[in-house]
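Everything below concerns the one structure shown next.
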Amino acid sequence: TIQEMLAASGQQAITTVEGTAVARRVGAACYIETSPEVEKNVRTLINSAIASVFEVQGAVTGSCAIL
């Protein structure tokens, strides 16, 4: 499992609370837990990433966005 692989290298997975705190600290639009291996929340992640690019925050200074 992922947890076993992390433990073998002296690491551990972060909690949802830790992930959310880091997202806030770095100014991320959100924190989403995903697992491409089992396709968990991958679509949600992609949709949220796209939506955050187009979300208007404050004054619009230009007319294009680069992804």
* Does any residue in the stretch 8-35 that is touching a residue at least 40 places away in the same chain (Cβ under 8 Å) come within less than 6 Å, Cβ to Cβ, of a residue that is among the small types (Gly, Ala, Ser) and surrounded by 10 or more Cβ atoms within 10 Å (Cβ to Cβ) six or more places away or on a different chain, and which pairs are these? -> none
* Please determine, by comparing only the residues of the stretch 1-36 that are of a type in the set (A, V, I, L, M) and in contact with a helix residue (DSSP H, G or I) (Cβ under 9 Å, 6 or more places away or on another chain), which one is nearest to GLU55 (Cα to Cα). => ALA29
* Can you tell me which residue in the stretch 24-50 is surrounded by the most Cβ atoms within 10 Å (Cβ to Cβ), limited to those that are of a type in the set (S, T, N, Q) and assigned to a helix (DSSP H, G or I)? -> SER48
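The numbers here are math on the coordinates, done by the rules we state, and not lab data. For clarity, every value in this text was computed on a predicted model and none was experimentally measured. Quick reminder, even Gly has a Cβ in these numbers, built from the backbone with ideal geometry, and neighbours come from all protein chains shown.
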